[in-house]
1. Is it true that some residue in region 127-136 is surrounded by 20 or more Cβ atoms within 10 Å (Cβ to Cβ), at pLDDT 75 or above, part of a strand (DSSP E or B) and out of contact with any Ser or Thr (no Cβ under 6 Å at 6 or more places or on another chain)?
2. Can you list residue pairs whose Cβ atoms sit under 6 Å apart, with the first residue in region 19-32 being charged (D, E, K, R) and the second being modelled with pLDDT of 75 or more? Count only pairs 6 or more apart in sequence or on different chains.
3. For residue 213, which of the numbered conditions (1) on the phi > 0 side of the Ramachandran plot; (2) out of contact with any strand residue (DSSP E or B) (no Cβ under 9 Å at 6 or more places or on another chain) fails to hold?
4. Considering only region 93-112, how many residues are modelled with pLDDT of 90 or more, crowded, with 22+ Cβ neighbours inside 10 Å and farther than 15 Å from residue 48 by Cα?
5. If a residue must be assigned to a strand (DSSP E or B), more than 10 Å from the chain's Cα centre (by Cα) and not basic (Lys, Arg), how many such residues does region 83-107 contain?
6. Any residue at all in region 196-213 that's in a loop (DSSP other than H, G, I, E, B) and modelled with pLDDT under 90?
7. Give region 166-217 a look and list any residue that's among the polar types (S, T, N, Q) and surrounded by 17 or more Cβ atoms within 10 Å (Cβ to Cβ), or say none.
8. Can you tell me which residue in region 146-165 is surrounded by the fewest Cβ atoms within 10 Å (Cβ to Cβ), limited to those that are among the polar types (S, T, N, Q) and in contact with a Phe, Trp or Tyr (Cβ under 9 Å, 6 or more places away or on another chain)?
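The values are calculated or read from the model by the stated rules, or taken from the named source; none is laboratory data. Since this is a predicted model, take the numbers as computed values, not measurements. Here Cβ is always computed from backbone atoms with ideal geometry, including for glycine, and neighbour counts include all displayed protein chains.
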Amino acid sequence: MTHLGATGVLSEALTKIFNSQQVRIPDFKGKVISFDDKTLSIELQYQFSSPSELEDWFISPDSQDAVKISGGVLNIDASAKEQICGISTKAQFTEFVMKSSLKYTGNGFIQRVSTNAANLFYICNGYLEGQDGYVFMNENKRLGQSNIPAGKTVDCKLELNAQKASFKAGEKKWPEFTLQGKTAVPSIGVIKSKCSIDSITVSGRLDRDWYESAIKE
């Protein structure tokens, strides 16, 4: 745990304010744009200028060699793998918006909302059944479809608000779904594909149990 400002990624003005108020925050490696220790609302920015930023993200053992930061870009290369490779936040949220700017080649990319009760996958250029793209819940039910061209940078928005999940890539919107669960994490990744991510911003409300545990570490 650190006081806000000790991470060296806040503006000088915010550092003085938060340090004077003794605000406590987990030691995020991404840039803390804003934080409210009463509501636990936070905004985190990742521009991938340092490999240390990945310390805020969970990377599965199978994905370790597929996820790398180079030249200010996060690259995920799963072209030779059979499973999803990607990253998900270690921080747990009750609601969030994750915005990303990315480009992919191959079979497309995946963004996922995982709660403690369900998994919802939004898929672009789907790799199953030869479909262009689709959504599936808990890995077994197809719910919709869409398609995003490869080789072009696209701005994405993954959101969970009042247990309703939604996703937009470029100008295309996927269906909205209700998810049960108290806590949630956003994920981004690929399967049998490559993806380069210029930036990710995550804003939302931290789960209080997760926050209390994190500031004790």
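1. No - not one qualifying residue is present in region 127-136.
2. Filtered contacts from region 19-32: 24/215; 29/52; 29/53; 29/55; 29/56; 31/45.
3. The failed condition is (1).
4. Matching residues across region 93-112 total 3.
5. 9
6. no
7. Passing the criteria: 166, 183, 187, 193, 196, 201, 203.
8. Filtering region 146-165 for residues among the polar types (S, T, N, Q) gives 146-147, 153, 161, 163.
Checking which are in contact with a Phe, Trp or Tyr (Cβ under 9 Å, 6 or more places away or on another chain) leaves us with 146, 161.
On the way: 146: 22, 161: 13.
Taking the candidates together, the pick is 161.
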